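Taken together, the values in this text are just the output of simple stated rules run on the coordinates, not laboratory data. None of the values given here were measured: they were computed from a predicted structure. Note that we place each Cβ from the backbone using ideal geometry, even for glycine, and neighbour counts take in every protein chain shown.
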Amino acid sequence: MALTKAALGKLGLWTFQLDVQPMREAQKFAAQIEELGFPTVWVPEAVGREPFASTALLLSATEKLILATGIASLHARSPMTMQAGWKTITEAFPDRFLLGIGVSHQPAVEGFHGGNYDKPYSTMVKYLDAMDRGLYFAAQPSAPPARALAALGPKMLKLAAERTMGAHPYFVPVEHTPIARAAMGPDALLAPEQAVVFSRGASEARAIARGFMKTYLGLPNYTNNLKRLGWTDEDIAGPTDALVDAIVAWGSLDDIQARIKAHLDGGADHVCVQVLSPDPTKVTMDEFRQLASLIPSL
């Protein structure tokens with residue numbers, strides 16, 4: 001067998017909340033998320049846990065939950081090490097691990113890893129080539145390992161479709177989704193992240209959203225993508241209410257469902273929802289339960 005788009009489900013979670021819990025607690029929360037009916041959880045790599053170790057521990061605490069990295073930075077490990085971790089987890093947990101790979105961002109690459117962010121597309125091509133020819137003499141996975149790319153622009157989206165299962169766009173408004181689908185063709189996985197705030201109050205919701213957006217609006221790959229979509233320097237500098245509302249869905253469960261459906265209608269196969277809250281150290285299980293109620297209707 002092989003990991004399929006259908007196995008990921010139409011709705012998953014993207015969360016850093018498990019990283020800030022002690023691992024034993026994170027494992028318990030992962031089991032609860034599985035019980036709610038979510039098929040897939042995405043976990044990041046930046047300033048939190050090492051994602052191969054983290055996903056292996058979370059997988060060991062669950063029975064069928066799929067774990068995906070959103071994303072594992074190629075600058076954090078050599079191609080041979082990346083493919084060894086990929087195959088190790090896939091062998092241990094067949095059809096339950098999706099390796100999302102990305103070039104990350106210049107401040108992280110050069111500041112955290114001492115790397116060179118020059119020519120990210122060419123870097124990715126060379127990295128995938130090196131992964132594919134890397135030696136691995138351990139027990140082989142019984143199922144083909146699955147990978148996807150963090151992709152925003154047309155070249156990286158096309159590469160994702162050609163060389164991997166598909167793409168995981170992050171920090172994108174809905175209008176990016178049909179563009180990404182057109183760039184990749186009909187068959188590749190398209191799994192955008194969608195940040196949400198459960199709140200009916202505009203001021204509160206937008207304040208939480210702006211706090212979340214602040215870091216990302218300082219990263220050129222995200223702002224350049226927004227400009228390709230028609231957003232202006234003035235929108236980004238604010239950010240304006242219009243841009244905040246485009247990036248972060250807020251309001252009732254019906255409002256959030258409408259945004260998820262807009263991505264699916266635009267060509268997404270899977271939407272991974274990131275729940276924002278005033279307390280980033282808290283696991284928002286109440287909101288996760290509400291989201292889980294949407295799964296049967298999507």
HN-Hα J in Hz across the stretch 191-204 - Karplus 6.51, -1.76, 1.60, θ = phi - 60°, x for Gly and Pro: 10, x, 7, 9, 7, 9, 10, 7, 6, 9, x, 4, 4, 5
Let me have the relative contact order for the chain, percent, based on Cα pairs under 8 Å that are six or more residues apart. 21
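Could you please rank Leu190, Leu276, placing first whichever residue has the fewest other Cβ atoms within 10 Å of its Cβ? Kindly include the intermediate steps, with their values, before the conclusion.
Details: Leu190 30, Leu276 20.
By the 10 Å Cβ count, ascending: Leu276, Leu190.
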Using alpha-carbon positions, the gyration tensor of the stretch 170-298 gives root eigenvalues a ≥ b ≥ c; with a/c under 1.5 called rounded, otherwise prolate if a/b exceeds b/c, else oblate, the class is oblate
Ordering of 201-207, 262-268, 95-101 by burial proxy (mean other Cβ atoms within 10 Å per residue, highest first): 95-101, 262-268, 201-207
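Could you calculate the contour length gain from Tyr121 to Ala46, that is, 0.36 nm times the residue separation minus the distance between their Cα atoms, to one decimal place in nm? Could you put the intermediate results ahead of the total?
On the way: separation 75, 0.36 × 75 = 27.00 nm, distance 1.98 nm.
Net length gain for the segment: 25.0 nm.
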Label-to-label distance, nm, for residues given as Lys64 and Ala6 (7 Å Cα→Cβ offset): 1.4
Could you let me know the centre-to-centre spacing of the stretch 243-259 and the stretch 127-165, using Cα atoms, in angstrom? 32
Which entries in Lys5/Lys28; Lys5/Lys64; Lys155/Lys261; Lys155/Lys227; Lys158/Lys214 show an alpha-carbon gap greater than 18 Å? Lys5/Lys28; Lys155/Lys261; Lys158/Lys214
